[in-house]
Amino acid sequence: MATGSGAAAAAADAEEKESGSRMITLTSNEGKAFVVTEASARQSATIRSMVDDGGCVDKGFPLPNVDSKTLARVIQYCDEHGNKEAHTVDERAALAKFDKDFIAELDADKAFLYDVTMAANYLHIQGLFALTTQCIADTIKGKTPEEIRTAFGIEYDLTAQDEEEIKEEDTHA
Amino acid sequence: MDFITVEREAKLRRPRDPSDHSTSCDGDDDSPISHLSDDVLVHVLGFLPTATDLMRARAVSRWWCRLGARVPLLRFLCIDRAFDRQETLDRFIAFINNVLTRRAAGQSDAGVEELTISLKSGMSSVDVAEVDAWIRYGMQHVSNTFTLELNIPLRSGNNSNHRYLDDDEDDDDDNNGMILAELPSSPRLKSVMLSLSNARLRLPTAAAFDSLVDLSLENIKTPRLRVFHMRYTSLIGKLTISAPRLEEFILPYTGRVSVINVEDMPCVRILEIDLWLLGGPQYGGHINKDRIRLLQCCRFLQFLTIRLKDNGNAEVELMKDVPELPHVTSLSLRVIEMNEMYDIASVLCVIGRCKFLKHLELDIKMEHWERPTEVSNQNQKDYHIISLEHLQEIKITCSYMRNH
């Protein structure tokens, strides 16, 4: 009996290990396949629910809204957060540093930052979405409308009426 | 982006403007930011720390203007020294009111899920009628979290000779308190945080104000209200609450709340109150009676924090009315200025009511105490009646206050 339960435990252990190291294929809209660990893929709530619903793990997941360049970057984030532990203070600090460097690099290429943001939104990767949207908001805050236009390359298209309306509301500017 | 939708919505925003032939958002479309969807940009704008930032963002382009109106979070923060100028503050208040009016009008502007108004200034003042209107607005139009933090003098009306906020404790009580009209019902609001320091007015003795002297939350139907925090509202005369589904009730520093009137609140799990005697039993006694009745109304409490201060022996008698609280698993007692044996008796009395306690925290600040650490430990040991079989964690801190 003892050996039996021991063997069962070992089998369960092995299974758990296997599911931990199960690989999942994500395919970009350009048809490029990315193989990631399940832990990494589970950073995405969208993929997580598909996997948990017994979805076609073997066939992989096509992501028609995400291009290869963006997907590669998103996976970089998911790998870091999915495959690494964050239990100790040091581990958490390492992750925080990763996030900081990750977003600083993205911030240098605004168009890419927006693509990653949209992908994070589509894939429901909460941490990444919060990171990128907060970064964009940080660029906006404390700036005048003109400064914001410059920062984002937006053309002025308000009509006199729009302006009037905004002025009416904004009495304290 | 869907141009048709954009144009249609842009028109909807100004339905009374026949000359408005909306153009598409060409400018934005050329910029990389147009990679973002409307919803995502609304989310981004929601991260802006203040309504002022949001206002500026709305002045960027037609697209942003439209999306800015959809942000459900409004945070009006005035913590800048610039607002010490009355004129600046008044303009800011007008801004708050403009935005709120617009949101309440509905149309294409989104409702407000979270409203924060935080005003801090020592120099300028706010008309109490504004405060009244904000509170009513918060209760009526905010669907989730309403925070009002005022650390600013209040005045009554526009009379420049207003008298407000002196620290004369001997005022006729009839003249003290916040003016608040009857609050409307709030079927949706989940969390209210009112932090109204300085919320004290000396009102004219006109009869019209008589019924408004107290903060009264009487008759508000807040069936879904789950969290209620009031801090620094030390000068409010009356608090009457009917909130049957309240789960969290925080009421510290309210030494002068003379009447707390609560109905049964079986859902309250977290309660924070103070029990202290100020200026003799004729004054403080009924405060504590109210508090004890509050405890009786929250029979299913799990987390209880009580601040005890300067109890006289009359209080020990009162403490015996503390009900049995069998669901309390976590008790935190903060004793301030302990200087009599009575305090220990009160403390032990409360602990004795919480038979199934798992976590006990005792924080004692002492004055003129000869053997502080030993006394508390000794009393724990000597009080044989209290048996806390479920206790897992105990934390006792004593600190000495020396008078120089």
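Hey, any hits in the stretch A:29-52 for a residue that's of a type in the set (D, E), at pLDDT below 90 and not in a helix (DSSP H, G or I)?
If we filter the stretch A:29-52 for residues that are of a type in the set (D, E), which is where we start, we get A:30, A:38, A:52.
With at pLDDT below 90 added as a condition, the list becomes A:52.
Still in the running and not in a helix (DSSP H, G or I): none.
So far as the stretch A:29-52 goes, no, none of its residues is of a type in the set (D, E), at pLDDT below 90 and not in a helix (DSSP H, G or I).
Within the stretch A:61-173, considering only helices (runs of 4 or more DSSP H) that don't extend past its boundaries, which have at least 1 residues that are at pLDDT 90 or above and in contact with a strand residue (DSSP E or B) (Cβ under 6 Å, 6 or more places away or on another chain)?
In the stretch A:61-173, the matching helices (runs of 4 or more DSSP H) lie at A:68-83.
Please pick out the residue among A:A160, A:A137 that is within 19 Å of B:W64 (Cα to Cα), among the small types (G, A, S) and either in contact (Cβ under 8 Å) with a residue 24 or more places away in the chain or more than 9 Å from chain B (Cβ to nearest Cβ) (or both).
Numbers: A:A137 fails: either in contact (Cβ under 8 Å) with a residue 24 or more places away in the chain or more than 9 Å from chain B (Cβ to nearest Cβ) (or both).
Going through A:A160, A:A137 in turn, just one is within 19 Å of B:W64 (Cα to Cα), among the small types (G, A, S) and either in contact (Cβ under 8 Å) with a residue 24 or more places away in the chain or more than 9 Å from chain B (Cβ to nearest Cβ) (or both): A:A160.
Anything in the stretch A:121-131 that is in contact (Cβ under 8 Å) with a residue 12 or more places away in the chain and either more than 9 Å from chain B (Cβ to nearest Cβ) or over 11 Å from A:V74 (Cα atoms) (or both)? List them, or say none.
First, pick out the residues of the stretch A:121-131 that are in contact (Cβ under 8 Å) with a residue 12 or more places away in the chain: A:122-129, A:131.
Passing the criteria: A:Y122, A:L123, A:H124, A:I125, A:Q126, A:G127, A:L128, A:L131.
What number goes with the only condition from (1) under 11 Å from the mean Cα position of the chain (by Cα); (2) open to solvent by less than 40 Å² (accessible area, probe 1.4 Å) that A:Q126 does not pass?
Among (1) under 11 Å from the mean Cα position of the chain (by Cα); (2) open to solvent by less than 40 Å² (accessible area, probe 1.4 Å), the lone unmet condition for A:Q126 is (2).
Just to be sure I understand the filter: pairs with C-beta atoms under 7 Å, separated by 6 or more residues or on different chains, first member in the stretch B:56-72 and more than 7 Å from chain A (Cβ to nearest Cβ), second member of a type in the set (S, T, Y). Which pairs pass?
B:A69/B:S108
Can you name the helices (runs of 4 or more DSSP H) wholly within the stretch B:30-126 that have at least 2 residues being open to solvent by 20 Å² or more (accessible area, probe 1.4 Å)? Give the steps one after another, and end with the answer.
Details: elements: B:38-46, B:51-58, B:62-68, B:86-104.
Result: B:38-46, B:51-58, B:86-104.
For A:D115, indicate whether it is within 9 Å of chain B (Cβ to nearest Cβ), charged (D, E, K, R), closer than 25 Å to A:S44 by Cβ and surrounded by 21 or more Cβ atoms within 10 Å (Cβ to Cβ). Steps first, please.
Values: within 9 Å of chain B (Cβ to nearest Cβ): yes; charged (D, E, K, R): yes; closer than 25 Å to A:S44 by Cβ: yes; surrounded by 21 or more Cβ atoms within 10 Å (Cβ to Cβ): yes.
Taking the combined requirement at face value, the residue satisfies it.
Which one of the conditions (1) buried (at least 18 other Cβ atoms within 10 Å of the Cβ); (2) facing chain B (nearest Cβ under 9 Å); (3) closer than 30 Å to A:N65 by Cβ does A:I166 fail to meet, given that it meets all the rest?
(3) is the only condition that A:I166 fails.
Look through the stretch A:38-66, keep the residues that are open to solvent by 50 Å² or more (accessible area, probe 1.4 Å) and acidic (D, E), and return whichever of them is nearest to A:Q126 (Cα to Cα). Steps first, answer last, please.
Residues of the stretch A:38-66 that are open to solvent by 50 Å² or more (accessible area, probe 1.4 Å), as a first pass: A:42-43, A:48-50, A:52-54, A:56, A:58-59, A:62, A:64-65.
Cutting the leftovers down to acidic (D, E) gives us A:52-53, A:58.
Details: A:D52: 18, A:D53: 20, A:D58: 25 Å.
Step by step, filter the stretch A:38-66, then rank; the result is A:D52.
The values are calculated or read from the model by the stated rules, or taken from the named source; none is laboratory data. Keep in mind that what you see is a predicted model, and the values were worked out from it rather than measured. Quick reminder, even Gly has a Cβ in these numbers, built from the backbone with ideal geometry, and neighbours come from all protein chains shown. To get the accessible areas, we keep the full protein, side chains included, count just its heavy atoms, and leave off ligands, DNA and RNA. Shrake-Rupley method; radii C 1.70, N 1.55, O 1.52, S 1.80 Å.
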